[in-house]
Amino acid sequence: MPNVTMSTLWLTFSIISFVLTEQSNIESISIFGNSLKLREIKDTITELRQLSQVMASSILYLEQCQGRFMQDDEDRKLAIYNEIGNVLKEVKIPPEQIREIQEKNWHSWVQIDYVYAIINSVNIDHPAIPKENKQKWGKIRENIIDHIRDTKAQDLQNIFQDLHALTPKVQHFIEGYSYYMENKEHKDLDQWKNRYDWFKNN
């Protein structure tokens, strides 16, 4: 069912994008059996742009949801993300609106994944955590999960320093998280692809 939904969204998004980018070269177009004249298309250009934003948001959101709790093809996902961004630019969606779509439906999910991967890389029994801090870390970890969208890279840095568990690898993961939130791209894409294995040998 998700694949059918995604295919339908892509088809609709593609048709709308075609109309918006080729409006000066066509006299009429038939969409789902309804014939639209050029004048009618121009009359609804604002609505079409708004609809393209809804479609883009839905595609990005569903793509991220499909990858929850399992490994996915990151190259494929990033290709979709980039293609959506390029199409929105082509149909002249304002940059600030594109950023808003990407932040809400893409980057916010990546933020959650970074935080989860980092806190899971240091479990309660991790040798870097002194015995007297293990219970403390368990409670802190639960609190982070409850407020995961509010957890910044500096918060994690401070927490792991306080626990005496800031290993070089954990530091590297936190730096990757900080870089992504600032630049909206991965500092080390290969590291990101292997995030499900961050708990190993750190």
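No value in this document is a laboratory result; all are computed from the given coordinates. Everything numeric in this text was worked out from a predicted model, so none of it was measured. Methodologically, a virtual Cβ is constructed for each residue, glycine included, from the backbone with ideal geometry; neighbour enumeration extends over all protein chains shown.
The distance between label points at A128 and Q154 comes to 2.1 nm (points 7 Å beyond Cα on the Cα→Cβ vector). The residue list N143, Q111, Q157 was ranked by how far each Cα lies along the charge dipole of region 88-202 toward its positive end, using unit charges on Cβ atoms, and N143 comes out on top. The trypsin sites (Lys or Arg not before Pro) of region 65-119 that DSSP puts in a loop, and whose beta carbon has at most 13 other beta carbons within 10 Å, are R68, K92.
Backbone phi angles across region 52-63, fed through the Karplus curve with coefficients 6.51, -1.76 and 1.60 (θ = phi - 60°), yield HN-Hα couplings of 5, 5, 5, 5, 4, 4, 5, 5, 5, 4, 5, 4 Hz in residue order; Gly and Pro are listed as x.
Answer rounded, prolate or oblate for region 109-202, using the Cα gyration tensor with square roots of eigenvalues a ≥ b ≥ c: rounded when a/c is under 1.5, else prolate when a/b is larger than b/c, else oblate.
prolate
Annotation for region 148-193: GluC sites (Glu not before Pro) lying in DSSP loop with at most 12 further Cβ atoms inside 10 Å of their Cβ are E185. Histogrammed with a bin width of 10 Å, the alpha carbon distances of region 81-144 distribute as 19, 31, 17, 17, 13, 3 percent, first bin at zero.
Residue-wise HN-Hα couplings along region 151-168, as the Karplus relation 6.51 cos²θ - 1.76 cosθ + 1.60 with θ = phi - 60° gives them from phi, are 8, 8, 4, 5, 4, 5, 4, 5, 4, 5, 5, 5, 7, 6, 10, 7, 6, x Hz; Gly and Pro carry x. Along region 102-108 the Karplus relation, 6.51 cos²θ - 1.76 cosθ + 1.60 evaluated at θ = phi - 60°, assigns HN-Hα couplings of 5, 5, 5, 9, 9, 4, 5 Hz to successive residues, with x for each Gly and Pro.
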